[in-house]
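Note sheet for the following structure.
Each reported figure results from applying straightforward, stated rules to the coordinates on display, with no laboratory input. Keep in mind it's a predicted model, so treat the numbers as computed, not measured. For neighbour counting, all protein chains shown are included, and Cβ atoms are generated from backbone atoms with ideal geometry for every residue, glycine included.
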Amino acid sequence: MKQFKIAVIAGDGIGPEVINEGIKVLKNVAELDSGFQLDFTYFPYGCEFYAENGRMMDDDGIDKLKAFDAIYLGAVGFPGVPDHISLWELLLKIRKSFDQYVNIRPVTLLKGAHLPLVDVKREDIDMLFIRENSEGEYSGAGDWLFKGQENEVVLQNGVFSRKGTERIIRYAFETAKKEGRSLTSISKANALNYSMVFWDQVFEEVSREYPEVETASYLVDAAAMLMIKDPKRFEVVVTSNLFGDILTDLGAALAGGIGLAAGANINPQRDSPSMFEPIHGSAPDIAGKGIANPLASIWSASQMLDFFGYEAHGKIVLDAIEQLLLEARVLTPDMNGTASTSEVGDRVTDIIESILL
Ligand SMILES: NC(=O)c1ccc[n+]([C@@H]2O[C@H](COP(=O)([O-])OP(=O)(O)OC[C@H]3O[C@@H](n4cnc5c(N)ncnc54)[C@H](O)[C@@H]3O)[C@@H](O)[C@H]2O)c1
């Protein structure tokens, strides 16, 4: 029997609440299929760990996590710990240490999810964002000179290496080719006269290797407008770390809200674990109330099943989410329902059982 080892970092706020439901679903799928087994190991890393130990994870945390097939993460960040510490010392540390250079965020409006746009059909919102996840504007390079003085200067450098730019664009072309869909590059070469001119040049170079893939290229400001006005233009999309971060939140608003938005941080060479997470944060305003929407976290569990090679199982989980939305009976308050987090998880597992049995 195939066995997959999953490191669970439930994290802060609503993180543990939504992760519990994702694990409930994963265990349920594994129990219904005798072909594979999932083992979960919990790590207490996050802001509470920081409050006790003065660091977000163990000093050898990365070495400990390295042995796993995947990491399943809830959310990190809580009042009392500066966000740049919780982000850089845990989330970004994991993404960078394990070279998870591909961030995959589906922006697909499932049947039953709220369509927020007028003059747009539900099927028109079906994009797959591939965001560069290892360098670019989030390289962390820069300086803070003459702190607090009159001549204070802050430098935040974007880093676009040939290797980093080429590999993400090539990954996007491979995905578009496999899915038989067009590929759109989003950049900003008119204003960012080095980094984005280079990005566009590499996109053009790599595109010559994929004559079968239809391409388009937009400036990020135009892309933001077109995602609202004419979303069907976008199928597979490749963009930089910062632009991808912002546009996928816009995408989340288009595709049913933050409670439905999932993301996978992939190491395509598979020499280190990949990480699966909902894209929302720890939502301190509703933490502990049992009303957080677990669907994004369950969707990211479905991405994990895809990554393990169990695409049919991943699709069943996604179909179950869609059926739950169509039923519109067991939903959390952010989706105008009255159900609790765990009631939503229970209903998803019931639907999966009805599909699989
Ligand atoms: N990947 C991550 O771990 C991640 C991502 C974003 C923010 N954060 C951190 O989370 C903390 C809070 O950040 P924020 O308030 O800007 O963003 P947030 O995503 O936590 O919350 C924004 C709003 O959306 C709501 N919301 C979010 N997820 C929800 C869910 N599953 N169900 C129902 N409602 C949900 C919240 O109640 C809040 O009103 C900060 O410390 C931030 O740094 C972490």
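Annotations for the structure displayed:
- Separation between Cα centres of region 51-68 and region 304-357, rounded to whole Å: 32 Å
- Remark: Trp199, Trp144, Trp88 ranked as Trp144, Trp88, Trp199, counting other beta-carbon atoms within 10 Å and listing the fewest first.
- Note that region 205-212 has calculated 3J(HN,Hα) couplings of 4, 5, 4, 5, 7, 10, x, 7 Hz, one per residue in order, obtained from phi through the Karplus relation 6.51 cos²θ - 1.76 cosθ + 1.60 (θ = phi - 60°); glycine and proline are x.
- Pairs of Cα atoms farther than 24 Å apart, region 115-255, %: 35 percent
- Taking other C-beta atoms within 10 Å as the exposure proxy, Lys96, Lys188 rank Lys96, Lys188 from fewest upward.
- Out-of-range pairs (alpha-carbon distance over 24 Å; input Lys24/Lys121; Lys93/Lys315; Lys64/Lys96; Lys178/Lys232; Lys5/Lys111; Lys111/Lys177): Lys24/Lys121; Lys93/Lys315; Lys5/Lys111; Lys111/Lys177
- Environment charge of Val159, counting only residues whose C-beta is closer than 9 Å and scoring Lys/Arg +1, Asp/Glu -1: -2
- Relative contact order for the chain: 23 percent, from Cα pairs under 8 Å spaced at least 6 residues apart, divided by residue count.
- Taking every C-alpha pair closer than 8 Å and separated by at least 6 residues, the mean separation divided by the residue count of region 142-256 gives a relative contact order of 27 percent.
- Sorting Glu235, Glu48 by the number of Cβ atoms found within 10 Å of their own Cβ, with the fewest placed first, yields Glu48, Glu235.
- Mean separation of Cα pairs under 8 Å and 6 or more residues apart, divided by the residue count, gives region 53-145 a relative contact order of 25 percent.
- What the phi angles of region 215-222 give under the Karplus curve with 6.51, -1.76 and 1.60, with θ = phi - 60°, is a coupling list of 10, 8, 9, 10, 6, 4, 5, 5 Hz, glycine and proline written as x.
- Segments 346-353, 291-298, 250-257 sorted - mean Cβ within 10 Å per residue, highest first: 291-298, 250-257, 346-353
- Taking 19 Å as the straight-line reach from the Cα of Lys66, the aspartates and glutamates in range (excluding those fewer than 8 positions away in the same chain) are Asp39, Asp58, Glu89, Asp99, Asp271, Glu277.
- Dipole size of the chain about its Cα centre, with +1 on Lys/Arg Cβ and -1 on Asp/Glu Cβ: approximately 460 debye, rounded to the nearest 20.
- Using the Cβ of Phe308 as centre and a radius below 10 Å, the other residues enclosed give a net charge of -2, where K and R count +1 and D and E count -1.
- Among Leu226, Met127, Met196 the positive-end extreme of the charge dipole of region 115-255 (Cβ point charges): Met127
- Residues in region 85-93 carry Karplus couplings, in order, of 6, 5, 6, 6, 8, 10, 4, 5, 4 Hz; the curve used is 6.51 cos²θ - 1.76 cosθ + 1.60 with θ = phi - 60°, and Gly or Pro positions show x.
- For Lys2, a cut-off of 18 angstrom between C-alpha atoms picks up these lysines, skipping any fewer than 8 places away in its own chain: Lys27.
- At q = 0.09 Å⁻¹, base-10 log of I(q)/I(0) for the chain (Debye sum, equal scatterers on each alpha carbon): -0.50
- For region 241-357, the orientation-averaged shadow of the C-alpha convex hull comes to 8.3 nm² (one quarter of the hull surface).
- Considering only Leu325, Met56, Pro211, the residue lying farthest towards the positive end of the dipole of the chain is Pro211, judged by Cα position with unit charges set on Cβ.
- For region 115-255, size of Cβ-based charge dipole, Lys and Arg +1, Asp and Glu -1, in debye: 240 debye
- Label-point separation in nm, Lys111 to Leu250, each point 7 Å along Cα→Cβ: 3.0 nm
- Asp58-Asp33 FRET efficiency (beta carbon distance; Förster radius 25 Å; 0.05 resolution): 0.15
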